[in-house]
Amino acid sequence: MTTSPANVALLESWQLSLHGKAPRTVVFYLAEAHRFAAWLSENGRPATDHGDLVAVERRDVESWLTALKAAGRSQSTVRSRWVALRSLYGWALVEGEIDANPLERVVVAKGNAPAPNVLGDDELRLLLKACAGADFYARRDLALVRLMLATGLRVSETIDLAVGDLDLMNRIVSVRHGKGDKARVVRFDAATASALDRYKRVRARHRFAGLPWLWIGYRGRTTRKGVPTLLASRSAAAGIGHVHPHQLRHTWADRWLRAGGTEGDLQRLGGWESAEIMRRYGESRAVDRALSAYDAINPMGQL
């Protein structure tokens with residue numbers, strides 16, 4: 001993908017203003033800006049100077065958005081590319097590179113995020129069975145998977161746990177650094193407490209038993225990358241296809257709501273700041289839960 005020297009200089013200067021963004025975001029923004037410049041050149045836009053990012057007008061942006069939709073791009077994809085250009089032209093206006101922002105009155109609505117997948121009861125039984133065993137790694141993996149399923153802990157929260165964060169007698173785990181560095185406590189079930197107890201006993205004989213972190217392995221502390229790896233291995237052995245760690249959190253939320261748990265308690269236990277985000281976690285089976293609730297309530301009963 002090539003672009004003019006003027007565009008390259010413009011984008012290099014814009015990149016300097018993105019120092020506060022995540023590296024992955026910066027790479028994405030720049031790639032989309034180059035992609036837009038290439039589209040302009042290929043389609044003879046702007047009319048005054050083909051491919052020139054500075055000469056872009058609102059109608060050029062609208063034509064580009066129309067082309068994206070015609071090419072079958074999802075609403076979320078279209079919006080993400082629009083966000084990248086909004087950043088570019090917002091900066092260019094402030095810097096005096098342009099007199100008017102071509103995106104000023106161009107709005108792209110958010111796409112509807114797909115409902116997250118959850119694991120069914122049969123899949124969960126197969127996954128837990130695949131973790132069964134008396135060796136160190138079997139006990140560790142079973143305890144870890146059960147804890148994530150029982151509490152909805154995020155991967156980052158799970159691997160950050162210290163041995164002392166567990167209270168097996170009261171079935172409580174203390175999350176010291178949740179999202180936004182907020183602490184909370186979460187309860188787990190008796191079977192998970194037993195799995196954790198068995199893991200702690202075998203952990204006490206491990207060569208890295210002196211480390212403060214709860215989860216350890218061959219090289220020491222279990223890392224954030226280690227959890228997806230062990231889960232992929234166990235789910236493959238279970239024959240249920242690839243399972244990603246966050247899917248366990250989705251499943252926990254769905255099972256909580258299916259059992260009649262309240263959204264308020266779910267939000268507190270799960271550490272969500274936004275109820276809107278929290279509700280997505282039970283969205284995939286919301287219809288099934290509503291239909292079951294109808295039968296339980298039976299509004300036409302006794303008639």
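Looking only at the stretch 56-74, decide whether some residue is closer than 21 Å to residue 15 by Cβ and over 33 Å from the mean Cα position of the chain (by Cα). Taking every residue of the stretch 56-74 in turn, at least one turns out to be closer than 21 Å to residue 15 by Cβ and over 33 Å from the mean Cα position of the chain (by Cα).
Report yes if residue 83 is surrounded by 14 or more Cβ atoms within 10 Å (Cβ to Cβ) and either hydroxyl-bearing (Ser, Thr, Tyr) or not assigned by TED's automatic domain parsing to the domain that holds residue 36 (or both), otherwise no. Show your work before the answer.
Numbers: surrounded by 14 or more Cβ atoms within 10 Å (Cβ to Cβ): yes; either hydroxyl-bearing (Ser, Thr, Tyr) or not assigned by TED's automatic domain parsing to the domain that holds residue 36 (or both): no.
For residue 83, the condition - surrounded by 14 or more Cβ atoms within 10 Å (Cβ to Cβ) and either hydroxyl-bearing (Ser, Thr, Tyr) or not assigned by TED's automatic domain parsing to the domain that holds residue 36 (or both) - is not met.
Residues in the stretch 201-211 that are touching a strand residue (DSSP E or B) at 6+ places or on another chain (Cβ under 8 Å) and either surrounded by fewer than 20 Cβ atoms within 10 Å (Cβ to Cβ) or not in a helix (DSSP H, G or I) (or both): 206, 208, 209, 211. For the stretch 126-139, indicate whether the set of residues that are outside any loop (DSSP other than H, G, I, E, B), in contact with a Lys or Arg (Cβ under 7 Å, 6 or more places away or on another chain), closer than 16 Å to residue 230 by Cβ and charged (D, E, K, R) is non-empty. Yes: the stretch 126-139 contains one or more residues that are outside any loop (DSSP other than H, G, I, E, B), in contact with a Lys or Arg (Cβ under 7 Å, 6 or more places away or on another chain), closer than 16 Å to residue 230 by Cβ and charged (D, E, K, R).
Residues of the stretch 29-63 that are more than 19 Å from residue 97 (Cβ to Cβ), free of Cβ contacts under 8 Å to residues at least 12 places away in the same chain and not in a helix (DSSP H, G or I): 44, 47.
For every residue, the table says whether it meets (1) within 30 Å of residue 219 (Cβ to Cβ); (2) assigned to a loop (DSSP other than H, G, I, E, B).
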| site | (1), (2) |
| --- | --- |
| 80 | no, no |
| 86 | no, no |
| 91 | no, no |
| 106 | no, yes |
| 110 | no, yes |
| 122 | no, no |
| 148 | yes, no |
| 186 | yes, no |
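For the stretch 119-156, residues that are modelled with pLDDT under 95, closer than 25 Å to residue 174 by Cα and of a type outside the set (A, V, I, L, M) total 4.
Okay, residues lined up against (1) modelled with pLDDT of 95 or more; (2) exposed (fewer than 14 other Cβ atoms within 10 Å of the Cβ):
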{"position": "199", "(1), (2)": "yes, no"}
{"position": "215", "(1), (2)": "yes, no"}
{"position": "224", "(1), (2)": "no, yes"}
{"position": "228", "(1), (2)": "no, no"}
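Scanning the stretch 27-49 for residues that are within 23 Å of the chain's Cα centre (by Cα) and surrounded by fewer than 17 Cβ atoms within 10 Å (Cβ to Cβ) yields 27, 28, 31. Could you please find all residues in the stretch 64-112 being touching a residue at least 24 places away in the same chain (Cβ under 8 Å), hydrophobic (A, V, I, L, M, F, W, C) and farther than 20 Å from residue 26 by Cβ? Listed by number, the residues that qualify are 64, 65, 67, 78, 98, 106, 108, 109. So is residue 187 surrounded by fewer than 13 Cβ atoms within 10 Å (Cβ to Cβ), charged (D, E, K, R) and over 30 Å from residue 79 (Cα atoms) or not? No: the conditions fail for residue 187. Could you give every pair whose Cβ atoms fall below 6 Å, whose first residue belongs to the stretch 156-178 and is within 22 Å of residue 194 (Cβ to Cβ), and whose second residue is of a type in the set (Val, Ile, Thr) and surrounded by fewer than 16 Cβ atoms within 10 Å (Cβ to Cβ), counting only separations of at least 6 or pairs across chains? The qualifying pairs are 172/185; 174/185.
Among residues that are part of a loop (DSSP other than H, G, I, E, B) and either touching a Leu at 6+ places or on another chain (Cβ under 9 Å) or under 23 Å from residue 105 (Cα atoms) (or both), residue 19 is not included. Looking only at the stretch 242-252, decide whether some residue is buried (at least 19 other Cβ atoms within 10 Å of the Cβ) and in contact with a Pro (Cβ under 6 Å, 6 or more places away or on another chain). The answer is yes; a qualifying residue exists.
Conditions (1) at positive phi; (2) touching a strand residue (DSSP E or B) at 6+ places or on another chain (Cβ under 7 Å); (3) surrounded by fewer than 15 Cβ atoms within 10 Å (Cβ to Cβ), marked per residue:
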{"residue": "68", "(1), (2), (3)": "no, no, no"}
{"residue": "74", "(1), (2), (3)": "no, no, yes"}
{"residue": "92", "(1), (2), (3)": "no, no, no"}
{"residue": "96", "(1), (2), (3)": "yes, no, yes"}
{"residue": "110", "(1), (2), (3)": "no, no, yes"}
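The values are calculated or read from the model by the stated rules, or taken from the named source; none is laboratory data. Small disclaimer: the values here were computed from a predicted structure and weren't measured. Here the Cβ is made from the backbone with ideal geometry for all residues, glycine too, and neighbour counts use every protein chain on show.
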